[in-house]
1. Along the charge dipole of segment 121-192, which of 147, 170, 125 sits closest to the positive end, that is, farthest toward it, with unit charges on the beta carbon of Lys, Arg, Asp and Glu (+1, +1, -1, -1)?
2. Quick one: among 67, 141, 11, which has the greatest mean-square fluctuation in a GNM of the chain with alpha-carbon springs under 10 angstrom?
3. So for each of 118-126, 76-84 I average, over its residues, the number of other beta carbons within 10 Å; can you give me the resulting order with the highest mean first?
4. Just want the answer: with Cβ charges of +1 for Lys and Arg and -1 for Asp and Glu, which residue in 188, 18, 95 is farthest toward the dipole's positive end in the chain?
5. Measure off 7 Å from each Cα along the Cα-to-Cβ vector at residue 198 and residue 176, then give the distance between these two points in nanometres to one decimal.
6. Would you count, across the chain, every pair of lysines whose alpha carbons are under 12 angstrom apart, provided the pair is eight or more residues apart or spans two chains?
7. Select from 172, 68, 59 the residue whose mean-square fluctuation is largest in a Gaussian network model of the chain (Cα-Cα springs shorter than 10 Å).
8. For residue 14 and residue 130, what does the FRET efficiency come to when R0 = 35 Å and r is the distance between their Cβ atoms, rounded to the nearest 0.05?
Amino acid sequence: MNVDALIANKKSWNEAAPRFYGRNPLPEYGPLAPTEDELQLIGDVTGLKVLEIGCGSGHSLQYMDQKHAGELWGLDLSTKQIESARDLLKNSRAPVMLFESPMEEDPGLPQHYFDLAYSVFAIGWTVDLDRTLANVHRYLKQGGVFVFSWEHPLFSRIASQDGTLVVAKSYHEEGSFDHEAWQETAIMQQFRLSTYLNVCIQQGFSIERVVEDVSLTDEMLKNQTNRWYSYEKAARIPTTMIIKCRKI
């Protein structure tokens, strides 16, 4: 496990936390992507024990509380993010358990316990995909569901130059990279879609659904402010991949 990358990413997220407070939580899965309201990948969570991997400021857990989840558990690498989540969720209806921890390490979460685990635009921060997914598999009870999203592997490999899309980086190249759209010094991971699917399968998950759709409206075109996830590029390349799998 790359400890130096974890240290750099923790520092980066502590610096970036205010900028990302409350940004793109559930029911959103990613920029210009269809939402949980449209996809119903998670569905009814009433009474369920739910775990968020990379819980950030806690707004997706707040969404789960509003949907009457039974228990809210979350872990995040960033001290600042956990502090924000703890403050946001202090009056939640459901009990809340938060852990400041890398997703690659088990901070003492119960095993074979959770009905649902999910991760919204966080899985690409892992420095060890196999280890992270092995942890999630162990946390879930038999038949438990894991839903996660991340930037689509094609999106950063294809660049827009003067209105033309060009392949800027080989799709076959995998591993750590410094994302050009990220302001702070940090290391993310880039894998092919097949790698995510195959690691899920190797760790004991059954793949139930893969989503690569975009959700675009004329209103989005008029109001877009994100130059990285531009409407024009998203109209031709998916911004987000969403994977639903189940522990077997």
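1. 147
2. 67
3. Most protected by this proxy first, the peptides run 118-126, 76-84.
4. The Cα lying farthest towards the positive end belongs to 95.
5. My value for the distance between the label points is 2.2 nm.
6. On the way: 10/80; 11/80; 49/141; 141/247.
For the chain, the number of qualifying lysine pairs is 4.
7. Checking each option, the largest mean-square fluctuation is seen for 172.
8. The calculated FRET efficiency here is 0.85.
Every read-out reported here was derived from the displayed coordinates using simple, explicitly stated rules and does not represent laboratory data. All values reported here derive from a predicted model rather than from experimental measurement. Note: ideal-geometry Cβ built from the backbone for every residue, glycine included; neighbour counts use all protein chains shown.
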